[in-house]
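Notes follow the structure.
The values are calculated or read from the model by the stated rules, or taken from the named source; none is laboratory data. Given the structure is predicted, the values throughout are model-derived calculations rather than measurements. With ideal geometry, Cβ positions are generated from the backbone for all residues, glycine too; neighbour counts draw on all protein chains shown. To get the accessible areas, we keep the full protein, side chains included, count just its heavy atoms, and leave off ligands, DNA and RNA. Shrake-Rupley method; radii C 1.70, N 1.55, O 1.52, S 1.80 Å.
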Amino acid sequence: MKLESEEKCTDGNTSGATGGDQAESKTAGQPLAEFLMQLEDYTPTIPDAVTSHYLTMAGFEASDPRMVRLVSLAAQKFISDIGNDALQHCKARSSALPNKSSKTSKDKKYTLTMEDLAPALNEYGITVKKPPYFV
C-alpha cells in the first residue's frame, strides 16, 4: 500500500518525510565544503594582507584566512564588474562618435577614463565628483 505523502524521486526511489531529509542534509553542505577547500588553494588578486588591513580598519577581526580570501574574492568581483561596466560605457560612447579610422572592433584599444568610470560607479551607488581645478 502506497501513502499519498510519498513522492517518486527522479531515480525511481520513493522517499518519505524521514529517509529523504537525512540524505538531503548531507549533500546540501557538500558544495559549500568543496568551495571552502578550493578557497584554501586560491590566490586572490588582492593580497590577503591588504584585505586583512582594511577589514581590521573596519573593525572586523577575521581569524580564519578563508574568510579573508572570501572577502578578497568578493572585492575582486566587485572591481571587475565596475571595470566591465566602464568598458561597456566606453564602447557605447565610441560607437556613437563618427569613426575617423577604419579599424575593426578587435583592433581598437580602449582607455579607461573618468568619463566612462563615473557612470559605471554611479550604477553601484558610488558618486564621483571631480575637483574644481579639473573642471
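What the table shows:
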{"quantity": "Dipole moment magnitude, nearest 20 debye, the stretch 58-101 about Cα centre, only Lys, Arg, Asp, Glu C-beta charged", "calculated": "320"}
{"quantity": "Per residue solvent-accessible surface (Å²) - the stretch 34-88, probe of 1.4 Å", "calculated": "68"}
{"quantity": "Nearest-10 value in Å² for the accessible area of Tyr110, using the 1.4 Å probe", "calculated": "80"}
